[in-house]
Amino acid sequence: MPEWRPNRTEFYETAVSMGFYGREDAGLTGKKDNVRKFWEDIFIKLAVRPIIESKISENRKLRILDLGAGSGEGLELLTHIPPSNPAKNVKSDFILKQSDIEMYKGIDISPSMIAQGRSNYREYGNVSFDQGNLEDGLMPQVLREKPYDLYFSTYGSLSHLHPQSLEKLLGQIFRHSKSGSVLFFDIHGKYSPAWPKYWGEKKTMLPYTMAYLVPGDKRKEENVEWFNLCYWDINDLRTLLNKAASSAGAELNFSFMLDRSIFISRHIDTGLMSTKPMPIRYQVSRLLDHGYRGEVEHLILDLKHLEKFKNLNPPAWERITDYQKKWNKIIYLLEALMNSEDKKVQDFIENTNIDLMSDELKFITWLYRNVDRFPVVDFWASVIGPQIAVILRNIEMSYTEGVGCGHGILCGVEILK
Ligand SMILES: C[S@@+](CC[C@H](N)C(=O)[O-])C[C@H]1O[C@@H](n2cnc3c(N)ncnc32)[C@H](O)[C@@H]1O
């Protein structure tokens, strides 16, 4: 028998062809950049967590319908929510386990997404994907199923629908659900600082592009592909939800409507629907990364180019500028710390009248003063940067009433019958 010899280069050929040896962008850019993982996903997880915790406490398995599910990103997200009290749950990383789910069904219009979703979750008997166009409402086979506990949709899938189709879909959901079911979704907000040119637009559907996935230096305006989305005014959205509910004989208990990704929209960076690209998301991804430092001069928010639009929606403008002020205070402090301007730091903390923020400012300063205690290689990259990003994120999450100025409006409603 010939002696078996492993073909040592074969494995490497395969690994290279599968892209494992491509240039690492280390989470600074791309679909699943650090901002998506540690800001946007976390925002969604923390908003949906009380709903999941309360459902799980009923000791029943959950039925989840994901609308515009892609390849099942929603399932991944829902099954990776950290517990609200980690100290009490040291043994369990996440609150919802696959075994807590009676059924997860993902609906999507794209055959490739459906095929990918089926392949991703092929070993799970409680997970299925159906192809369907939500523009036509829920498919007959879905309407025949038992009600779901959670009607779920993330990252703007429902923005693809014309308002009339969304109203019809919502009416179907409200009829199909049972009392206590929850609808949780996000949808594009109209008054994001990423697309000021839409703030005064009367048209219902307006262009959007995913050209942010192409790195800026390779992006050419003439090659950018556009498709239409509906950008929602938050009051119009609330009215539509109530109208669909009353036509279905249901009542809605609004748990929250929040603005997500106000300054870290991917299109803040591209500037494709504005006059001024600002690399804020990229810089926040650097902050969140343990190997990179944020470049402070690029993190300061200068919004002068938006001032001419401010009268189009005063509440949105007020929110944007309030958040901008808080954001910039954190960045100025970071800059002073980085430049070891002790006097400036002290004056800043002692003399700035910012009640709500003083804890955050003191905390950053404490971190700075305790730099030697952290056993890391680059204190700025590994400790300060991620904490600064989390503080910026938490300020966004501290606004409990959305005004429609986020890339997404995150909405949670309980359906009562
Ligand atoms: C931005 S992706 C979001 C995917 C996923 N929910 C996530 O969290 O990443 C939007 C998804 O909506 C789907 N979609 C767009 N229009 C749709 C329609 N009319 N009916 C069903 N799905 C649709 C797309 O195929 C795509 O998978």
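All of the numbers you see were taken from the coordinates with simple rules; none came from a lab. Given the structure is predicted, the values throughout are model-derived calculations rather than measurements. Here the Cβ positions follow ideal geometry from the backbone for every residue, glycine too, while neighbour counts run over all protein chains shown.
Remark: region 284-398 is approximated by an ellipsoid whose semi-axes, taken from the C-alpha gyration tensor as √(5λ), come to 27, 16, 12 Å, largest first. Taking 18 Å as the straight-line reach from the Cα of Lys146, the lysines in range (excluding those fewer than 8 positions away in the same chain) are Lys55, Lys61, Lys105, Lys178, Lys417. Rounded to 0.05, the FRET efficiency of the His162 and Lys91 pair, given R0 = 60 Å and the Cβ-Cβ distance, is 0.80. Would you check region 284-398 for Lys pairs whose C-alpha atoms are within less than 27 Å, ignoring same-chain pairs closer than 8 in sequence, and give me the count? Step by step, the pairs that qualify in region 284-398 add up to 21. Springs between Cα atoms under 10 Å define the GNM used for the chain, and in it the highest mean-square fluctuation of Lys220, Lys344, Lys146 occurs at Lys220. Note on Asn223 and Leu46: their simple-model spin labels are 3.8 nm apart, each label 7 Å out from Cα toward Cβ. Taking the Cα centroid of region 115-172 and of region 272-350, what is the distance between the two, rounded to the nearest whole Å? For region 115-172 versus region 272-350, the Cα centre distance is 38 Å. Over the alpha-carbon set of the chain, divide Rg by the Kirkwood Rh and report the Rg/Rh ratio to two decimals. Here Rg/Rh amounts to 0.99. Summed over qualifying helices (DSSP H, 4 residues or more, each -39500 (n - 2.57)) and divided by its residue number, the chain shows a 222 nm mean residue ellipticity of -11000 deg cm²/dmol.
Between region 249-271 and region 41-74, the C-alpha centres lie 17 angstrom from each other.
Annotation: extensible slack from Asn120 through Gln346 equals 76.1 nm (criterion: 0.36 nm per residue apart, minus Cα-Cα distance). Can you tell me, using C-alpha contacts under 8 Å and at least 6 residues apart, the relative contact order of the chain as a whole percent? The normalised contact order for the chain reaches 20 percent. Along the axis of the charge dipole computed for region 190-307 (Cβ charges of +1 for Lys and Arg, -1 for Asp and Glu, origin at the Cα centre), the listed residues Ser246, Met210, Ile280 are led at the positive end by Ser246. Segment Glu135..Asn253, full-extension length gain: 40.0 nm, with 0.36 nm per residue of separation and the alpha-carbon distance subtracted.
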